[in-house]
Amino acid sequence: KEMRDIVKTSESLVEDLKVQKVETNVESFMRQATFISEKLQSLAVDMNRVLETNITEEDWDNFNSGKRGVFVRKMLGFREKSKLSLIRDKYENDQEFRNYVTNYIEGFESLVVFAEKREQGGLLVQTFMSSDVGKVFMLLSKALGRNT
């Protein structure tokens with residue numbers, strides 16, 4: 001009887017540990033994903049500055065009030081063929097811009113790899129790819145002639 005009680009207690013502890021492990025993994029993933037996303041948004045600010053896009057006072061107000069995606073969305077305005085060639089030319093001729101783009105691409109790819117390790121069905125990866133930061137990744141990849 002005493003052995004059965006010990007086994008039941010052990011099983012209960014193991015289940016509790018499994019639940020804690022899952023919760024810890026989710027919490028860790030969310031922290032890491034948030035950090036990478038914020039880094040990507042910050043890089044978008046720098047890319048816009050180097051591309052000399054029209055950044056208004058309202059854009060800065062929005063950014064400073066917590067709407068961090070405003071500069072990412074500005075980058076999405078570069079989908080036209082002529083603007084894609086501007087990105088490619090800037091990438092080839094401007095070391096500062098090349099560093100920002102390289103960091104952006106590497107950061108986004110690390111987010112995707114991180115997501116792939118934590119889930120089975122690809123839902124998180126698809127969510128990231130269809131987000132604004134994912135669209136900028138695809139835009140930059142297209143402008144540079146990379147396959148995504």
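The values are calculated or read from the model by the stated rules, or taken from the named source; none is laboratory data. As the structure is a prediction and not an experimental result, all values here were calculated from the model. Here Cβ is always computed from backbone atoms with ideal geometry, including for glycine, and neighbour counts include all displayed protein chains. Side chains are part of the model used for accessible areas, which takes the heavy atoms of the whole protein and leaves out ligands, DNA and RNA. Shrake-Rupley method; radii C 1.70, N 1.55, O 1.52, S 1.80 Å.
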Taking the stretch 92-142 only, how many residues are touching a helix residue (DSSP H, G or I) at 6+ places or on another chain (Cβ under 6 Å) and part of a loop (DSSP other than H, G, I, E, B)?
-> 0
Of (1) of a type outside the set (D, E); (2) crowded, with 16+ Cβ neighbours inside 10 Å; (3) farther than 21 Å from N54 by Cα; (4) touching a Lys or Arg at 6+ places or on another chain (Cβ under 9 Å), V125 satisfies all except one. Which?
-> (4)
Name the pairs whose Cβ atoms lie under 6 Å apart, with the first residue in the stretch 69-81 and open to solvent by 20 Å² or more (accessible area, probe 1.4 Å), the second not in a helix (DSSP H, G or I), and 6 or more positions between them or separate chains?
-> K74/T53
Identify, from the list R88, R118, the residue that is in contact (Cβ under 8 Å) with a residue 60 or more places away in the chain, surrounded by fewer than 18 Cβ atoms within 10 Å (Cβ to Cβ) and basic (K, R).
-> R118
Apart from one, (1) under 26 Å from K142 (Cα atoms); (2) open to solvent by 80 Å² or more (accessible area, probe 1.4 Å) all hold for K8; the odd one out is (1)
Among what's in the stretch 91-112 and is charged (D, E, K, R) and in contact (Cβ under 8 Å) with a residue 40 or more places away in the chain, pick the residue that is surrounded by the fewest Cβ atoms within 10 Å (Cβ to Cβ).
-> E96
Out of all the residues in the stretch 33-62, which are more than 15 Å from V133 (Cα to Cα), of a type outside the set (K, R) and surrounded by 12 or more Cβ atoms within 10 Å (Cβ to Cβ)?
-> V50, L51, T53, I55, D59, W60, N62
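Hey, can you tell me all the residues within the stretch 44-73 that are part of a helix (DSSP H, G or I) and either farther than 17 Å from F108 by Cβ or over 23 Å from the mean Cα position of the chain (by Cα) (or both)? Working first, answer last.
Just the residues of the stretch 44-73 that are part of a helix (DSSP H, G or I), to begin with: 44-51, 57-64, 70-73.
Across the stretch 44-73, the qualifying residues are R49, V50, L51, E57, E58, D59, W60, D61, N62, F63, N64, V70.
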Take G145 and decide whether it is outside any helix (DSSP H, G or I) and at pLDDT 85 or above.
-> yes
